There are 2 protein chains.
Amino acid sequence: METGEHQSSLLMEPLPGSAARPAGSPARIADVAARAGVGVATVSRVLNGHASVRPSTRERVAEAIEALNYRPSSLARSLSLQRTMVVAALLPWFTNPSAVQRVRGIVDGLSGSPYDLMVFDIESEDRQRRAFELFDRGDRADGLLVVSTLPPEPEIDRIRAAGLPCVLVDAVHPCLPSIAVDDVAGGEIATRHLVELGHRRIALIGDPPPEFRFEWSRDRTRGYERALAAAGIEAREEYVREGTRLPHVARAVASELLSMTERPTAIFAASDTQALGALDAARAHGIRVPEELSVVGFDDIEVAGYVGLTTVRQPLLESGRRGAQLLLEALGGLSVEPLRELLPLELVVRSTTGPAPR
Amino acid sequence: METGEHQSSLLMEPLPGSAARPAGSPARIADVAARAGVGVATVSRVLNGHASVRPSTRERVAEAIEALNYRPSSLARSLSLQRTMVVAALLPWFTNPSAVQRVRGIVDGLSGSPYDLMVFDIESEDRQRRAFELFDRGDRADGLLVVSTLPPEPEIDRIRAAGLPCVLVDAVHPCLPSIAVDDVAGGEIATRHLVELGHRRIALIGDPPPEFRFEWSRDRTRGYERALAAAGIEAREEYVREGTRLPHVARAVASELLSMTERPTAIFAASDTQALGALDAARAHGIRVPEELSVVGFDDIEVAGYVGLTTVRQPLLESGRRGAQLLLEALGGLSVEPLRELLPLELVVRSTTGPAPR
DNA sequence: CATACCCCGGAAAGCGGTTTCTCAAGCCTC
DNA sequence: GAGGCTTGAGAAACCGCTTTCCGGGGTATG
């Protein structure tokens with residue numbers, strides 16, 4: 001008796017055709033094949049419109065697919081094909097206004113292409129690690145857009161080793177193509193504007209030091225210092241502050257500045273978000289803008305227009321679009337050199353800057 | 001001679017250990033196993049901390065992993081495990097402010113959980129179809145959050161058939177748990193506010209008819225009509241307009257309203273975005289707000305505070321957070337009934353509404 | 001000294017597809 | 001009517017990992 005089921009395969013084989021599976025689980029290609037009375041290869045051929053399948057056979061397969069409400073597993077498909085038709089965008093703080101704008105550009109640049117976009121948040125160190133674990137082998141996505149952050153060095157190695165196309169947006173690395181702006185120049189433009197308005201006591205609110213290896217805030221600071229030097233103004237350490245972009249943090253930092261005995265007459269914020277915090281703080285202190293205090297931001301996010309914020313505009317949307325285009329080219333087989341592409345900056349003067357108070 | 005290589009496997013086997021592969025491709029588990037002189041099963045055991053592996057063996061494997069810079073393919077892993085540790089959020093217009101806010105809530109609700117979030121845009125019909133093709137079998141993500149849209153009916157069937165946990169946010173369906181607000185009540189609140197200020201000629205700017213099976217705009221319209229009826233005000237068809245949320249569209253629609261011979265004294269916009277468009281249009285027409293025109297929005301997005309827009313606040317962030325929580329519960333094995341959870345609404349009066357002009 | 005048991009670790013069977021290889025028909029031509 | 005070519009379709013290898021199953025070698029026990 002026992003020996004009767006030694007191999008078992010012959011006994012089990014006939015079953016899987018119909019209701020043999022846990023019932024809850026979706027149909028597999030084998031189920032379809034069984035129902036249509038053909039081999040799995042044929043079903044696959046029908047699915048992918050490959051080669052020649054006799055119309056009558058195709059019909060039978062189509063019916064089986066319909067009847068079983070079958071849809072191939074995109075995961076298994078990707079594994080087999082070594083291709084996902086997905087590109088991933090990895091970005092920290094992906095809910096902040098400028099990031100959103102870049103994503104919008106990416107969506108735009110990808111529209112019409114056969115690739116789908118997956119956006120991945122890497123708010124924390126932990127998520128960052130996990131994001132790269134998911135994507136750096138290139139099996140979850142065919143291409144990567146890394147926005148406003150730099151992958152850890154080992155990840156860069158892995159990405160290059162895997163031959164995974166990757167474009168940086170708002171970040172720069174010698175080994176990878178990137179879309180960015182000249183942050184030093186940007187810092188200079190903003191600061192020079194203030195200098196030309198007669199300001200001498202100019203403060204700066206920057207981002208905290210490189211979490212996520214994020215360096216542009218430092219570059220903007222360098223531009224700020226350079227512009228001050230050019231105007232023969234002494235850079236005062238106590239006028240340079242750092243804080244995250246969280247609204248209340250930015251406000252608190254600005255508030256400190258405005259509480260100083262010799263308070264600045266102008267503030268250059270490394271982002272519009274922080275500039276808005278500064279405006280808030282000024283209002284709270286009863287300081288009039290721009291009569292008593294000038295504020296310049298950076299980015300030109302949508303709100304900036306609404307509140308009349310003077311700012312350095314960078315083409316956020318364009319950066320995403322361009323990054324997507326570059327990535328598509330790389331995916332299309334064109335070899336993209338680690339080119340550093342710079343987008344233009346532009347001072348947008350609105351109503352938060354004015355002549356220095358005398 | 002020919003017969004010598006009949007099976008080939010014995011001849012080929014020894015090679016894959018080292019440089020046999022295309023060189024560009026990342027190491028596989030077999031490569032690690034070969035280098036460590038163990039079987040793949042052992043490598044897997046080491047990777048997953050499973051069962052007992054002799055320390056010395058573990059060490060050898062670890063070295064091989066290190067040397068080859070190996071990382072398991074998350075794709076293959078998911079296929080084998082039938083689990084991805086990823087939840088997907090599908091949403092249309094995911095770059096619009098209220099959606100962003102909800103996503104922020106989702107991120108928040110998921111933080112601390114072992115699940116990663118993938119955000120997927122379904123701007124167009126096409127993308128929507130593709131998104132569900134990717135996710136409805138549950139092999140790309142373990143759970144779904146569908147935001148501000150309703151999956152097509154066949155997709156809902158498939159999702160349920162696959163036993164894929166799915167929570168709706170800002171949308172309602174009898175078969176799925178959902179987080180939403182009472183849009184009818186919301187429309188009523190906004191409109192009643194205007195009525196109480198003495199307005200009689202109250203216009204409405206709503207969303208275009210159900211693309212993506214999106215119905216709340218209609219509900220808000222119903223609330224608007226109900227409030228008018230309650231006040232004994234005749235609903236005038238020409239005061240009810242529709243348009244997308246694109247800034248210039250909203251502005252154009254509002255502009256039409258403001259050009260009417262008997263123009264409305266108040267506008268209720270079905271979203272803040274559209275309300276902002278209306279404010280823009282008013283400015284262009286030289287119409288003072290709120291003296292000559294009152295405007296009420298819906299959502300209370302961040303900008304609303306900055307520009308002083310009166311609006312009906314819905315807990316955007318909370319909706320995302322709650323949705324994520326519900327999904328996590330479902331993923332944890334708790335059976336979540338298709339419960340319709342309603343979040344509270346609140347009128348926020350700022351400076352764009354005032355007494356009707358006499 | 002032989003037997004039982006435990007600890008390790010290898011072989012192999014999935015997971016759900018795609019694709020190559022191979023072979024059986026069917027058709028055409030000479 | 002036989003041989004070559006095309007067409008159609010199944011078997012099996014493969015994508016890269018997990019896990020079950022099973023056997024070999026060591027130690028403890030009778």
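The values are calculated or read from the model by the stated rules, or taken from the named source; none is laboratory data. Just so you know, these numbers come straight off a predicted model, no measurement behind them. Cβ placement follows ideal geometry from the backbone for every residue including glycine, while neighbour counts extend to all protein chains displayed.
Tabulated data for the structure shown
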| item | result |
| --- | --- |
| Residue match in the range A:220-238 (condition: out of contact with any strand residue (DSSP E or B) (no Cβ under 7 Å at 6 or more places or on another chain), more than 25 Å from A:Pro355 (Cβ to Cβ) and modelled with pLDDT under 95) | yes |
| Enumeration of residues in the range B:76-100 that are over 30 Å from A:Asn96 (Cα atoms), among the polar types (S, T, N, Q) and within 8 Å of chain A (Cβ to nearest Cβ) | B:Ser78 |
| Filter pass, A:Ile65 being within 15 Å of DNA strand C (Cβ to nearest atom), in contact with a helix residue (DSSP H, G or I) (Cβ under 7 Å, 6 or more places away or on another chain) and closer than 25 Å to B:Ala88 by Cβ | yes |
| Candidate set from the range B:140-150 (those that are part of a loop (DSSP other than H, G, I, E, B) and away from every other protein chain (no Cβ under 14 Å)); member that is farthest from the chain's Cα centre (by Cα) | B:Leu150 |
| Residue that is nearest to the other protein chains (Cβ to nearest Cβ) [pool: residues in the range B:32-48 that are more than 9 Å from DNA strand C (Cβ to nearest atom) and under 17 Å from B:Ser74 (Cβ atoms)] | B:Leu47 |
| Which numbered condition B:Pro165 fails, given (1) within 14 Å of chain A (Cβ to nearest Cβ); (2) within 26 Å of A:Ile106 (Cα to Cα); (3) buried (at least 22 other Cβ atoms within 10 Å of the Cβ) | (2) |
| All positions within the range B:224-252 that are surrounded by 18 or more Cβ atoms within 10 Å (Cβ to Cβ) and closer than 14 Å to B:Arg283 by Cα | B:Ala250, B:Arg251 |
| Any pair with Cβ under 6 angstrom, 6 or more apart, that starts in the range B:49-75 at a residue that is more than 14 Å from every other protein chain (Cβ to nearest Cβ) and ends at one that is of a type in the set (A, V, I, L, M) and surrounded by 13 or more Cβ atoms within 10 Å (Cβ to Cβ) | B:Val53/B:Val46; B:Arg58/B:Val46; B:Arg60/B:Ala36; B:Val61/B:Ala36; B:Val61/B:Val43; B:Val61/B:Val46; B:Ala64/B:Val32; B:Ala64/B:Ala36 |
| Only one of A:Val86, A:Val119, A:Val100 that is at pLDDT 90 or above and either more than 30 Å from B:Val303 (Cα to Cα) or within 16 Å of DNA strand C (Cβ to nearest atom) (or both) | A:Val86 |
| Unmet criterion (only one of (1) within 14 Å of DNA strand C (Cβ to nearest atom); (2) assigned to a loop (DSSP other than H, G, I, E, B); (3) loosely packed, with under 15 Cβ neighbours inside 10 Å) for B:Val53 | (3) |
| From the options A:Leu328, A:Leu343, A:Leu347, A:Leu309, residue that is in contact (Cβ under 8 Å) with a residue 40 or more places away in the chain, touching a Gly at 6+ places or on another chain (Cβ under 8 Å) and under 26 Å from A:Leu168 (Cα atoms) | A:Leu328 |
| Residue satisfying condition, being without any contact (Cβ under 8 Å) to a residue 60 or more places away in the chain and within 13 Å of the chain's Cα centre (by Cα), within set A:Asp170, A:Asp157, A:Asp121 | A:Asp121 |
| Among the candidates B:Ser98, B:Ser78, residue that is within 25 Å of the chain's Cα centre (by Cα) and either more than 16 Å from DNA strand D (Cβ to nearest atom) or surrounded by fewer than 20 Cβ atoms within 10 Å (Cβ to Cβ) (or both) | B:Ser98 |
| Residue count, the range B:57-75 (criterion: of a type in the set (Gly, Ala, Ser), buried (at least 16 other Cβ atoms within 10 Å of the Cβ) and more than 15 Å from A:Ala161 (Cβ to Cβ)) | 2 |
| Residue identified as at pLDDT 90 or above, farther than 30 Å from A:Ile106 by Cα and either within 14 Å of DNA strand D (Cβ to nearest atom) or of a type in the set (Val, Ile, Thr) (or both) among B:Ala30, B:Ala67, B:Ala20 | B:Ala30 |
| Selection within the range A:104-130 - among the hydrophobic types (A, V, I, L, M, F, W, C) and either farther than 16 Å from B:Met118 by Cα or at the interface with chain B (Cβ under 7 Å from one of its Cβ atoms) (or both) | A:Val107, A:Leu110, A:Leu117, A:Met118, A:Val119, A:Phe120 |
| Tally, over the range B:168-205, of residues that are assigned to a loop (DSSP other than H, G, I, E, B) and buried (at least 24 other Cβ atoms within 10 Å of the Cβ) | 2 |
